[in-house]
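Worksheet: one structure, shown below.
Only the coordinates and a few stated rules stand behind these numbers; no lab work does. Just so it is clear, the structure is predicted and the values come from calculations on it, not from any experiment. Backbone-built Cβ (ideal geometry, glycine too); neighbour counts: all protein chains shown.
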Amino acid sequence: MRPRSRCTLSPCGRGWLRGAQPGEGFSPRIHLPAAYAERTPHPPRFARHLLPQGEKGRGRQLARPDFIVLQSTKRLAEETTMATIAFIGLGNMGGPMAANLVKAGHKVVAFDLVEASRAQAKADGAGIADSAAGAVKGADVVVTMLPAGKHVLGVWNEVVPAMTRGALIIDSSTIDVESARAAHALAAKSGVLSVDAPVSGGTGGAKGGTLTFMCGGDDKAFAAAKPVLENMGKKIVHCGGGGAGQAAKICNNMILGISMIAVSEAFALGEKLGLSHQALFDVASTSSGQCWSLTTYCPVPGPVPTSPANNDYKPGFASALMVKDLTLAQDAAKAAGAATPLGKHAQEIYQSFDAAGQGGVDFSGIIKHVRSLAGK
C-alpha cells in the first residue's frame with residue numbers, strides 16, 4: 001500500500017504537497033466547514049493539478065488543502081504508530097512495561113495467571129483476555145515476560161499457532177540460551193517473526209520506560225521489534241541472531257554480580273580500616289575502581305541517595321533473581337566449554353545469601369553477607 005502522503009509543509013506555507021503524486025496527500029471526501037469554503041471557493045492554482053482525475057469540479061469541497069494535508073498526515077501517523085499488542089506476563093516488570101505501551105497509544109490486550117496483576121493492567125488501560133491464546137488473536141505483536149525457559153516454551157507452544165503469519169513475537173524474559181533458540185525455531189515454523197529481548201534496568205526502568213533491551217533475531221524481526229521496544233526502553237541493542245540477546249544478558253549480569261561483591265568487599269574492608277563510606281566513594285568513584293555497582297547502586301547508604309541501601313535494601317532487583325542469572329551463566333559456560341571461576345564463586349556467594357532467607361532482599365544487600373563472613 002502506498003502512503004497517502006509524502007508531503008512536507010514549509011514554514012511559509014509553500015510546498016503544501018511537495019513530492020506527492022496526483023490525487024495523493026488528501027481524501028476528496030474530507031470537507032471543511034462552510035465558512036472555509038465560502039472564503040476559499042477554489043483550491044489555489046498550484047494545487048489544482050493534484051486533484052484526482054474527475055475531481056476538479058469539486059473545488060468548493062476541497063478548500064484549504066493545507067488543512068486537508070495536515071488531517072491526512074495526522075491520520076497516517078496514527079495508522080503507522082498504533083498497533084494491537086498482546087502482553088503475557090504482568091509481574092513486577094511486565095505490568096509496568098504493558099502500561100507504557102498503553103501510554104504510547106497502542107491497543108494492549110493482556111493476560112496473567114494472577115488476578116491482582118490482571119486487575120492492575122486493566123486499571124492501567126489494557127484490555128484483559130481470559131487466556132494467553134485469547135490475548136493473541138488478531139494481535140500485530142505479542143510480548144511475553146515470564147519466569148523461566150519452560151514457561152516461555154509452554155506459552156509459545158500455546159500462542160504461536162494462534163498468531164497471524166507475519167506477526168511478531170518478542171520474549172523479554174531472562175531465560176537460558178537453548179530455550180530461546182528453541183522458541184525462535186517454533187516461531188519460524190509458523191511463519192512468525194521472533195526476537196528474544198531480555199532487559200536491564202530493574203523495576204525502576206520498567207516503570208520509567210528507560211530499560212535497555214538486548215535483542216536476538218534476524219534483521220527483519222529486529223526492525224519490526226525496535227519501534228515497539230522504544231516505547232518501553234531508552235536503549236535497544238541488536239546483539240545478533242536468535243538467542244544472542246539472552247547470551248548478552250547473562251554475560252552482563254555475571255559482571256554485575258561479581259562487581260557488586262567486589263564493591264561490597266571494598267566497603268567492608270574500608271570500615272575495618274577506619275574509612276568513612278563517603279571518603280571511599282569519593283576516591284573509588286573517580287578512580288580506576290569506579291563501576292555501575294558503585295556509582296549508581298552503591299551498597300552502603302549515603303553516597304548514592306537513590307540506591308536500595310537507603311531504603312533498607314528493598315529490591316529493585318532481588319538476590320534470588322541474581323542467583324537465577326548467575327546460574328544461567330554457569331550453565332551456559334559449561335555448555336560452551338568456557339572457564340568463569342569468578343562467576344562460579346559469585347554464584348556460590350549469592351546462593352549462600354539466598355539460603356539464609358535473604359532471597360527477597362535487593363542484590364546489593366550482599367554486603368550484609370560479606371560482613372558476616374569476617375567472623376567465620
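Quick notes
- Of all lysines in the structure, those lying under 21 Å Cα to Cα from Lys226, and not within fewer than 8 positions of it along the same chain, are Lys103, Lys107, Lys207, Lys234, Lys235, Lys249.
- Electrostatic bookkeeping for Thr84 treats Lys and Arg as +1 and Asp and Glu as -1; over the other residues with beta carbon under 9 Å from its beta carbon, the sum is 0.
- Relative contact order computed over region 208-301 (Cα-Cα under 8 Å; 6+ residues apart), in percent: 24 percent
- Rounded to the nearest Hz, the phi-derived 3J(HN,Hα) couplings of region 351-361 under the Karplus curve 6.51 cos²θ - 1.76 cosθ + 1.60 (θ = phi - 60°) are 5, 5, 4, 5, 5, 7, x, 10, x, x, 7, where x marks glycine and proline.
- Per-pair calculated FRET efficiency, R0 = 30 Å: Asp312 and Lys234 via Cβ, rounded to 0.05: 0.60
- Summary value for region 224-359: 22 percent relative contact order, contacts being C-alpha pairs under 8 angstrom separated by 6+ residues.
- Placing unit charges on each Cβ (+1 for Lys and Arg, -1 for Asp and Glu) gives region 271-376 a dipole about its Cα centre, and among Gly360, Thr286, His345 the Cα reaching farthest toward its positive end belongs to His345.
- Structural descriptor for region 127-167: relative contact order 53 percent, calculated from alpha carbon pairs under 8 angstrom and at least 6 residues apart.
- HN-Hα J in Hz across region 200-215 - Karplus 6.51, -1.76, 1.60, θ = phi - 60°, x for Gly and Pro: 10, x, x, 5, x, x, 5, 6, x, x, 10, 5, 9, 10, 9, 10
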